[in-house]
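Asker: Okay, handing you the structure first.
The values are calculated or read from the model by the stated rules, or taken from the named source; none is laboratory data. As the structure is a prediction and not an experimental result, all values here were calculated from the model. Glycine also receives a Cβ, built like all others from the backbone with ideal geometry; neighbour counts cover every protein chain displayed. Note: areas computed on protein heavy atoms with side chains; ligands, DNA, RNA excluded. Shrake-Rupley method; radii C 1.70, N 1.55, O 1.52, S 1.80 Å.
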Amino acid sequence: MRKITPIRMSSEISKAYEPQSVEEKWYARWLEEGCFTADPTSTKPGYSIVIPPPNVTGVLTLGHVLNNTLQDVLARRARMLGKEVLWLPGTDHAGIATQTVVERKLRKEEHKTRRDLGREAFLERVWEWKEKHGGIIIQQLKRLGCSCDWGRERFTMDAGYSRAVQQVFVELYNKGLIYRGKRMVNWCPVSLTALSDEEVIMKAQKGTLYHMRYEVVEEPGRFLEIATTRPETLMGDSAVAVHPKDERYKSLVGKHVWRPFPRAQIPIVADEHIDIEFGTGVLKVTPAHDKADFEIGQRHGLEAIDVLNPDGTLNELAGPEFAGMERFAARKAAAEKLRELGLLVKEEPHQNNVGYSERADVPIEPRLSEQWFLKYPSVEASRQAVASGEIAFRPERWANVYEHWMTNLQDWCISRQLWWGHRIPVWYHKEDATRLHVAVEPPADEANWTQEIDVLDTWFSSWLWPFETMDGATRAKFYPTDDLVTGPDIIFFWVARMIMAGYEFTGQKPFSNVFFTGLIRDMQGRKMSKSLGNSPDPLELIAKYGADGIRFGLLRIAPQGQDIRFDEKQIEEGRNFANKLWNAARFRQMHGPSAPDASLEGVALSCYSTEILARLHTLIAEVDAAYGEYRFNEIGQRLYDFFWSDYCDWYVEAAKTEILGADGAAKASSLAVMDYILNRFLRLLAPFMPHLCEELWATMGFRAPGHGKPFLMYAAWPTAEAPQGAAAARERVEAVYQSVRLARNLRAEVRIPSNKKVGFRLKPQVAWAEEESGTFARLINAETVELDAAYQPASGEPRVLTPLGELYLPLEGAVDADAERDRLEKEIAKVVKEIETVKRKLSNESFVRNAPSAVVEEHRKREGDWADKLSQLRKMREALG
RNA sequence: GGGCAGUUAGCUCAGCGGUAGAGCGGUUCGUUUACACCGAAUUGGUCGGGGGUUCGAUUCCCUCACUGCCCACCA
């Protein structure tokens, strides 16, 4: 193992923490030393996470930063808890997205389409692109500090993985769960492929409801009025439908109407599906272009007339004047023609929901086509696993969303008319198209067969991710995985399907916990998107604030599964916190070397030391509890508050009395306590800010019992002992600190500049006031605090009652008896009010009877405290005259 | 049309049955030998409206309002 040489701090070292070089240095060291490598033969208990594989075309977004930082935190803490950790990385081939990117490039640079190249050549291009430009995001994740086992990076189109995908297809086919059929699917006229229901996004549209009329064949001169939003499909109408109970039209059922163009007689049918209330209560039935219409067509044996080409233009069945016309142009043209024929009754504005293709962002076209479908496997086991808590969803409410989807499953359209993807392992016999060969290997007499040209939906490969990324030995050690961290937006696409695949193909759940993060939005609450340009570049933020800064900033504002409004200020806070820690360590270093083990054996502690150690003890307990509930923001908040406020603002400032004082033993004690705290705190913070903590750990020369490697990232997770005498210390320290706050306030009120040293007088009311007067004086920036039990203040000298006693500020010329009288009287009024409140509460019998005794006790104590304070204030008031 | 979240200080958010919190912002002071990416003090809230349960409600229940998200074949 290589020796680590820490950079020694010196007074020349920069006052501000400069993350760039530190972060890159440590990341390189960790990699060199194999710190991220998972060993399946280890005797330590295993812990594993698989990364939600980002698209190979992807670049890092803030969403990725949050998501992967959370995974990194979990992985790093698990290592410190003594687990053998596997965080398995990789990328997704992302069928449509990647194909589109390469096609666009081809068009731009060579003015060619993929068809110009042909399938084989095009795929070669995609692979070339993938090798060259794919996986940028992997590099970006490294810059963020992700401790993935990069040696195990997987891609969903790796040879072995692809084979597994095809095997799964064959297996499901043989089980009768996969079938081919001509069905109504969601067709994207831009990507020219079928899509699953999940890839369709419903959007509210402002459109027009056209009222038109068809003449009844059997009763010339009588017209049926029909409302439609899609007149361009009327050429594909093969019936009109009314509700069987609709009295208005009962007599017409079984008769016919004239479809105006191409002119034809079509029947009037009765169907339960019709909503009597909507429009005119008459529906034009276009079985080829609407899912509901298709079903009506099935029930009534209607012809499905497909009037659209795959690209969304109309075909010759629509008639010569429409053939070749784009669908939305045709809508206007059809309406216009109806108007000319006198068949358009009216047009009215209408809002309805239209399905859009998630990728291409155009309205999808319901289209009848031959596709492969999957009946989901292991549904009941999967549903049960989440319902019973065998797989825990956090926040829990997502379990309901999952449950709802799982109980309303529709068969999954898994074929895609793309080239980039896993080719469906099916061959059709050239002589006899009904003969199929379904296997991973092509048939022996391959020349007599043609392979299916469609590929599989990308999610049909990603659902195997938690186990197909692992070899046998790895699986034995690390499967099922422990935590999955992902966004709720892919709960159906990915999470639910992985659960089903896990049970179906491994007989086990694929993971035990799923943590759903929130979505990161901009300050206006909008989704981050490329088109809005409101998505900050995380790498720029890293350059500006450091990886640790962005990690900490984001973690601290990421609530449990709630959406997050992003504000760069929050990242700035992360950077500032890093700087604070850096400087606190620097301060400690300025007073000599630290003890590596930072033990407090046999060290006599000041009350301030005892108090901060007690707080550290509490902190560790709280952090552990918060980890147990995945409350990352709370962990961040606790660490921040403890360090900045309790440690830096109070403890270090108080300890300066001893550190800068003459008592060698006392100084050594305070420094040892700082070492103790820093040693533990760096370990606690390491998962959040790994680079900085590792740097300081090395600089300070700390050691800790560890789990194999001489890095902080392998140091044991800290435990803290509650110090002896914590309660007494806390009481004393709190009295001092409270007195400090009051004294500082007094200074400010009397307008003494913060840097001006002044002399105070204290009439002590506690026996130990003398012992703490030095620290007290330091904290209030006093020249002196003279203790004088018999002190007679000049009338009008600024004064305040503190827990240490009456405090006076003898100032030349600033004596104002009226002001002091006012101040005291205001204070007295406040106390009187407090006492009244407490008294009222205590005199309420129901309160005393019903409230928990601890609460009642607290009120009693409070009453006593206030009463004491009041009597002292009154005495001071009398003395003032 | 169903379901789920959210509504707390000017802004972003914690708290979720016992005296309203943080950060940022504002105001005032500060070259106090770690840190101006800092320190101190201070300002600022009938905890969305209305009911109810309770000795007590920002916290639990009901209801309404608005905001956001998910699901759903009303053309």
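Asker: Residue check, A:Q99 against (1) outside any helix (DSSP H, G or I); (2) under 26 Å from A:N534 (Cα atoms), all met but one. Which one?
Answerer: (1)
Asker: Residues that are more than 28 Å from A:Y47 (Cα to Cα): which helices (runs of 4 or more DSSP H) entirely in region A:442-561 hold 2 or more of them?
Answerer: Here the list reads A:538-545.
Asker: Given A:Y608, A:Y676, A:Y647, A:Y630, which one is closer than 21 Å to A:W697 by Cα, within 14 Å of RNA strand B (Cβ to nearest atom) and among the hydroxyl-bearing types (S, T, Y)?
Answerer: A:Y647 is the lone residue from the list that is closer than 21 Å to A:W697 by Cα, within 14 Å of RNA strand B (Cβ to nearest atom) and among the hydroxyl-bearing types (S, T, Y).
Asker: Taking strands (runs of 3 or more DSSP E) that fall entirely within region A:339-434, which contain at least 2 residues that are more than 27 Å from the chain's Cα centre (by Cα)?
Answerer: Output list reads A:344-357, A:365-374, A:426-429.
Rundown of residues vs (1) more than 16 Å from RNA strand B (Cβ to nearest atom); (2) under 21 Å from A:G881 (Cα atoms); (3) small (G, A, S), yes/no style:
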site: A:S754; (1), (2), (3): no, no, yes
site: A:E772; (1), (2), (3): yes, no, no
site: A:L779; (1), (2), (3): no, no, no
site: A:L787; (1), (2), (3): yes, no, no
site: A:A790; (1), (2), (3): yes, yes, yes
site: A:L804; (1), (2), (3): no, no, no
site: A:Y808; (1), (2), (3): yes, yes, no
site: A:E845; (1), (2), (3): no, no, no
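Asker: I would also like to ask the following. Can you tell me how many residues within region A:256-311 are within 15 Å of RNA strand B (Cβ to nearest atom) and of a type in the set (F, W, Y)?
Answerer: 2
Asker: Any residue that is open to solvent by 50 Å² or more (accessible area, probe 1.4 Å), over 30 Å from A:Y630 (Cβ atoms) and touching a helix residue (DSSP H, G or I) at 6+ places or on another chain (Cβ under 8 Å) - is there at least one of those in region A:80-99?
Answerer: no
Asker: Can you name the condition, by its number, that A:L779 falls short on among (1) over 48 Å from the mean Cα position of the chain (by Cα); (2) at pLDDT 85 or above?
Answerer: It is condition (1) that A:L779 fails.
Asker: On the basis of being more than 10 Å from RNA strand B (Cβ to nearest atom), out of contact with any helix residue (DSSP H, G or I) (no Cβ under 6 Å at 6 or more places or on another chain) and either open to solvent by 20 Å² or more (accessible area, probe 1.4 Å) or in contact (Cβ under 8 Å) with a residue 40 or more places away in the chain (or both), does A:R213 make the cut?
Answerer: Yes.
Asker: Tell me yes or no: at least one residue of region A:864-881 is in a helix (DSSP H, G or I), in contact with a Ser or Thr (Cβ under 8 Å, 6 or more places away or on another chain) and more than 18 Å from A:Q765 (Cα to Cα).
Answerer: Within region A:864-881, one or more residues are in a helix (DSSP H, G or I), in contact with a Ser or Thr (Cβ under 8 Å, 6 or more places away or on another chain) and more than 18 Å from A:Q765 (Cα to Cα).
Asker: Further question on the same structure: So which residues in region A:380-403 are open to solvent by 40 Å² or more (accessible area, probe 1.4 Å) and within 16 Å of RNA strand B (Cβ to nearest atom), if there are any at all?
Answerer: Correct list: A:R383, A:A387, A:R394, A:E396, A:R397, A:W398, A:N400, A:V401, A:E403.
Asker: Of everything in region A:733-746 that's near RNA strand B (Cβ under 7 Å from one of its atoms) and more than 18 Å from A:E611 (Cα to Cα), which residue is surrounded by the most Cβ atoms within 10 Å (Cβ to Cβ)?
Answerer: Per the criteria, the residue is A:R744.
Asker: A further question follows. Find the residue count for region A:674-716, including only residues that are in contact (Cβ under 8 Å) with a residue 40 or more places away in the chain and assigned to a loop (DSSP other than H, G, I, E, B).
Answerer: Residues flagged as in contact (Cβ under 8 Å) with a residue 40 or more places away in the chain and assigned to a loop (DSSP other than H, G, I, E, B) within region A:674-716 amount to 13.
Asker: Quick check on region A:201-214. Is at least one of its residues at pLDDT below 90 and β-branched (V, I, T)?
Answerer: Yes, region A:201-214 has at least one match.
Asker: Still on this model: From A:G135, A:G118, which residue is surrounded by fewer than 16 Cβ atoms within 10 Å (Cβ to Cβ) and on the phi > 0 side of the Ramachandran plot?
Answerer: Unique residue meeting the criteria: A:G118.
Asker: Additional query: Suppose we filter region A:328-352 for residues that are open to solvent by less than 20 Å² (accessible area, probe 1.4 Å) and of a type outside the set (G, A, S); how many remain?
Answerer: 1
Asker: Select from region A:45-89 the residues that are farther than 30 Å from A:R115 by Cα and in a strand (DSSP E or B) and list them in ascending order.
Answerer: Hits for region A:45-89 are A:G46, A:Y47, A:S48, A:I49, A:V50, A:E84, A:V85, A:L86, A:W87, A:L88.
Asker: Considering only residues of region A:178-195 that are out of contact with any strand residue (DSSP E or B) (no Cβ under 6 Å at 6 or more places or on another chain) and in a loop (DSSP other than H, G, I, E, B), which is farthest from RNA strand B (Cβ to nearest atom)?
Answerer: A:L192
Asker: Within region A:516-525, does at least one residue satisfy the condition of being at pLDDT 85 or above, open to solvent by 40 Å² or more (accessible area, probe 1.4 Å) and of a type in the set (A, V, I, L, M, F, W, C)?
Answerer: Checked against the condition, which is being at pLDDT 85 or above, open to solvent by 40 Å² or more (accessible area, probe 1.4 Å) and of a type in the set (A, V, I, L, M, F, W, C), region A:516-525 yields no hits at all.
Asker: Just to verify a result, which residue in region A:717-732, among those that are assigned to a helix (DSSP H, G or I), closer than 22 Å to A:E622 by Cα and of a type in the set (D, E, K, R), is most open to solvent (accessible area, probe 1.4 Å)?
Answerer: Taking the candidates together, the pick is A:E731.
Asker: Please give the number of the condition A:E198 fails out of (1) open to solvent by less than 60 Å² (accessible area, probe 1.4 Å); (2) within 16 Å of RNA strand B (Cβ to nearest atom); (3) in a strand (DSSP E or B).
Answerer: Here A:E198 meets the rest and fails (3).
Conditions tested, residue by residue: (1) more than 17 Å from the chain's Cα centre (by Cα); (2) more than 11 Å from RNA strand B (Cβ to nearest atom); (3) touching a residue at least 40 places away in the same chain (Cβ under 8 Å).
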{"residue": "A:F467", "(1), (2), (3)": "yes, yes, yes"}
{"residue": "A:R475", "(1), (2), (3)": "yes, yes, no"}
{"residue": "A:D483", "(1), (2), (3)": "no, yes, yes"}
{"residue": "A:V495", "(1), (2), (3)": "no, yes, yes"}
{"residue": "A:M498", "(1), (2), (3)": "yes, yes, no"}
{"residue": "A:V514", "(1), (2), (3)": "no, yes, yes"}
{"residue": "A:L519", "(1), (2), (3)": "no, no, yes"}
{"residue": "A:Q562", "(1), (2), (3)": "no, no, yes"}
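Asker: So, one more: With respect to the numbered conditions (1) within 16 Å of RNA strand B (Cβ to nearest atom); (2) of a type in the set (A, V, I, L, M); (3) more than 28 Å from A:I49 (Cα to Cα), which one is the sole condition not fulfilled by A:M406?
Answerer: Status for A:M406: all satisfied but (3).
Asker: Restricting to region A:290-327, count the residues that are under 18 Å from A:T208 (Cα atoms) and either open to solvent by less than 50 Å² (accessible area, probe 1.4 Å) or free of Cβ contacts under 8 Å to residues at least 12 places away in the same chain (or both).
Answerer: So the count comes out to 1.
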